[in-house]
Amino acid sequence: MSQRDYYEVLGVSKGASDDEIKKAFRKLAVKYHPDKEGGDEAKFKEANEAYEVLKDSKKRQRYDQFGHAGVGGATGGGASGGNPFEGFGGQGVHFDFGDGGLGDIFGSFFGGGMGGRQRGPVKGRDVEVSLTLSFEEAVFGTEDEITLTLDDECQHCKGTGAEPGYGMKTCPTCKGAGQVNKVVNTLFGAIQQVVQCSTCRGKGKVPEKDCTVCGGSGIERRRQTIKLKIPAGIDDGATIRLEGRGEAIAGGKKGDLYVHIKVKAHKKFTREGDLILSEQSVNMIDAALGTEIDVETVDGKVRMKVPAGTQSGTDFKLSNHGVPHLRSNTRGAHIVTIKVGTPVGLSKKQKDLLEEFKAAKKRGLFS
């Protein structure tokens, strides 16, 4: 779905002052705030997104010149700098790789929290780790490995708790029920509760002979390496969830592994949503007469034309050299800001030529 014009969203003209833009946003924020009765969260986010761009002079300049493509498509609902995960909580996005990282990366954006009470079968402990990527790895995606020492299913007994060659027998404590009655003394007297049997952990059966490796628990602590596929376009602060790759627990399913992504800063590039930004220096003469320059991008050097009369601070857009979109095969742009350098250490001849140019301009020979 196409995005509305940001000026239209705020109800201001393209020549609106900063104060007019601020007042327009505040009016809409009060009207549509989701905590207010009759509020509209979608319209509030839309107004907030427009304001985040138009209040910033540099972003506004790029928006006026290139449209939504000049500001990364969107700002992620007001997250500073924007990101390609707009509408899903900004940098708090959670990827859910239920099959170990090779499935639909958008399967479970919500419910990424690791706290709270478990429902249904008991679950092993969730594990959190951090993974640092280079700027290029985050842009193009990569495959990595994480080595952890975790409680896992015992390989010797395959998680049964019984020594290989021996079977299971009825639990002598619960008589196969998996539950026992427990009396708890409270201020209101003795209360009888039905709880899981601690001997068989609710299974109703115990090993005829305990496993010589895990002692009958079915769990052993083991070092393991987990392969992880990082999608192209992932941003700093995102979290990848690997279902069932946390710690194992007897009588329940494994916990989850949460990988928190950190992206190293690049010495030349900065990122703004699906945009990559950089600066390129051009000397005064080339800027005045026009030239072609080689611009470094994440794809390598790209030849770019600088028209005659280019002013310092002018932005140029290199389409499809930015960050890949997570939801499609397209990419954002690379925005190049030209910085015109003033010459220093001029020779006498060079100074004389500039003085001659200056005098000619005063006489109206040059516009």
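Determine the shape class of the range 144-187: with a ≥ b ≥ c the square roots of the Cα gyration tensor eigenvalues, call it rounded for a/c under 1.5, and otherwise prolate if a/b is greater than b/c, oblate otherwise.
Working: a/c = 5.28, a/b = 1.50, b/c = 3.52.
In terms of gyration-tensor shape, oblate.
List the lysines whose alpha-carbon lies under 21 Å from that of Lys205, not counting same-chain residues fewer than 8 positions away?
Counting by Cα, and skipping residues close in sequence, Lys205 has these lysines nearby: Lys123, Lys158, Lys169, Lys175, Lys182, Lys253, Lys254.
Can you give me the % of accessible surface on the range 265-314 that is carbon or sulfur? Probe 1.4 Å, all protein chains present, nothing else counted.
Of the solvent-accessible surface of the range 265-314, carbon and sulfur hold 48 percent.
Determine, at each q value in 0.16, 0.21, 0.22 (inverse angstroms), the log₁₀ of I(q)/I(0) that the Debye formula gives when each Cα of the range 150-250 is one equal point scatterer.
For the range 150-250, the Cα-only Debye profile gives -0.80, -1.03, -1.08.
Rg (Å, one decimal) plus Dmax (Å, integer) for the alpha carbons of the range 174-302?
When restricted to Cα atoms, the range 174-302 yields Rg and Dmax of 30.2, 94 Å.
Using r as the Cβ-Cβ distance of Leu289 and Ser17, and R0 as 51 Å, what FRET efficiency do you calculate, to the nearest 0.05?
Working: r = 36 Å, r/R0 = 0.71.
Given R0 = 51 Å and the Cβ-Cβ separation, E is 0.90.
Grab the beta carbon distance between Arg223 and Thr330, set R0 = 51 Å, and tell me the FRET efficiency rounded to 0.05.
0.80
Grab the Cα-Cα distance for Glu296 and Phe357, subtract it from 0.36 nm times how many residues apart they are, and report the gain in nm with one decimal.
On the way: separation 61, 0.36 × 61 = 21.96 nm, distance 3.36 nm.
Between Glu296 and Phe357, full extension yields an extra 18.6 nm.
Enumerate the whole-percent occupancy of each 5 Å bin, from 0 to the last occupied one, for all C-alpha pair distances of the range 233-297.
With 5 Å bins starting at 0, P(r) equals 4, 12, 13, 12, 11, 9, 8, 8, 6, 5, 4, 3, 2, 2, 1, 0.
Let me know the Kirkwood hydrodynamic radius for the range 247-341, please, with Cα pairs as the basis and the value in Å to one decimal.
So the Kirkwood estimate lands at 15.9 Å.
Enumerate the aspartates and glutamates that Lys301 could reach by cross-link, defined here as Cα to Cα under 15 Å, with residues fewer than 8 away along the same chain left out.
The reachable aspartates and glutamates, counting only those whose Cα sits under 15 Å from Lys301, are Glu136, Glu279, Glu292.
Give me, ordered by chain and number, the residues 5 or more places off Gly161 or on other chains with an amide H under 5 Å from its own placed amide H.
Placed amide hydrogens put Gly218 under 5 Å from Gly161.
Calculate one ³J(HN,Hα) per residue across the range 239-244 by plugging θ = phi - 60° into the Karplus curve 6.51 cos²θ - 1.76 cosθ + 1.60, and present them in order as whole Hz with x for glycine and proline.
10, 9, 9, 10, 5, x
When only the heavy atoms of the protein chains count and the probe is 1.4 Å, how do Phe357, Phe188 rank by accessible area, highest first?
My answer, sorted largest first, is Phe188, Phe357.
Using a Förster distance of 25 angstrom, determine the FRET efficiency expected from the C-beta separation of Arg26 and Asp64, and round it to 0.05.
The calculated FRET efficiency here is 0.65.
Treat each spin label as a single point 7 Å out from the Cα along the C-beta direction, and report the Ala232 to Glu41 distance in nm.
Here the answer is 3.2 nm between the modelled labels.
With every protein chain kept in place and ligands, DNA and RNA left out, what is the accessible area per residue of the range 8-70? Probe 1.4 Å, answer in Å².
Working: 3780 Å² over 63 residues.
That works out to 60 Å² per residue.
The values are calculated or read from the model by the stated rules, or taken from the named source; none is laboratory data. None of these values were measured; they are calculated from a predicted model. Heads up, the Cβs are rebuilt from the backbone with ideal geometry, glycines too, and the neighbour counts pull from every protein chain shown. Accessible surface is based on the protein model in full, side chains and every heavy atom, while ligands, DNA and RNA are left aside. Shrake-Rupley method; radii C 1.70, N 1.55, O 1.52, S 1.80 Å.
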